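Working notes for the structure below.
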Amino acid sequence: MAGAAGQGGAPAALRNAGRAAPALPAWQALPAKAVHLLLYAMLVVQPLLGLGTAWTDGKDILLPFTQIALPALLAPDAALAGQLEELHEWVGTAFYYVVGLHAAAALYHHFVRRDDTLRRMA
């Protein structure tokens with residue numbers, strides 16, 4: 001089945017490739033970069049904190065669909081496990097707020113600025 005009328009059937013990623021994003025005011029550009037960086041940092045840090053928590057708690061981490069355990073890179077340490085678990089929970093909670101802020105900014109672009117940010121993301 002062909003794509004939407006006037007779209008030539010090309011996937012959204014190809015239709016929107018190379019299109020320049022609308023310029024942001026300076027007061028929005030820095031927070032936008034910071035939120036994107038924070039999202040990516042959290043996507044890296046959160047699993048590492050989970051691994052560290054499990055290892056310091058003496059738990060095995062099995063590779064999916066196998067009985068092969070990853071070698072523990074940290075020695076068991078109950079106090080450190082508790083600290084890592086608390087940090088893991090804090091980062092997880094903060095992640096919800098950062099994702100919410102990102103979604104709110106996308107809606108702001110769509111309904112207030114009326115630019116094509118959401119269409120370029122789809």
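Considering (1) open to solvent by less than 80 Å² (accessible area, probe 1.4 Å); (2) more than 16 Å from V45 (Cα to Cα), the lone condition that L84 does not fulfil carries the number (2).
Applying the criterion of being open to solvent by 100 Å² or more (accessible area, probe 1.4 Å) and over 24 Å from the mean Cα position of the chain (by Cα) to the residues of region 34-67, the residue that is nearest to T93 (Cα to Cα) is K59.
Can you report the number of residues in region 68-81 which are surrounded by 12 or more Cβ atoms within 10 Å (Cβ to Cβ) and either in contact with an Asp or Glu (Cβ under 8 Å, 6 or more places away or on another chain) or assigned to a loop (DSSP other than H, G, I, E, B) (or both)?
Residues meeting the conditions: 6.
Taking every residue in region 59-73 that is under 17 Å from L48 (Cβ atoms) and pairing it with any residue that is of a type outside the set (A, V, I, L, M, F, W, C) and in a loop (DSSP other than H, G, I, E, B), at least 6 positions away or on another chain, yields no pair with a Cβ-Cβ distance below 6 Å. Checking each residue in region 87-122 for being open to solvent by less than 70 Å² (accessible area, probe 1.4 Å), among the aliphatic types (A, V, I, L, M) and within 30 Å of A23 (Cα to Cα) picks out A94, V98, V99, A103, A104, A105, A106, L118. Just one of the listed residues (L43, L48, L39, L87) is within 25 Å of G100 (Cβ to Cβ), in contact (Cβ under 8 Å) with a residue 60 or more places away in the chain, in a helix (DSSP H, G or I) and hydrophobic (A, V, I, L, M, F, W, C), and it is L39.
The values are calculated or read from the model by the stated rules, or taken from the named source; none is laboratory data. Keep in mind that this is a model prediction, so the values were computed, not measured. Note: ideal-geometry Cβ built from the backbone for every residue, glycine included; neighbour counts use all protein chains shown. Protein only, heavy atoms only, side chains kept; ligands, DNA and RNA dropped before computing areas. Shrake-Rupley method; radii C 1.70, N 1.55, O 1.52, S 1.80 Å.
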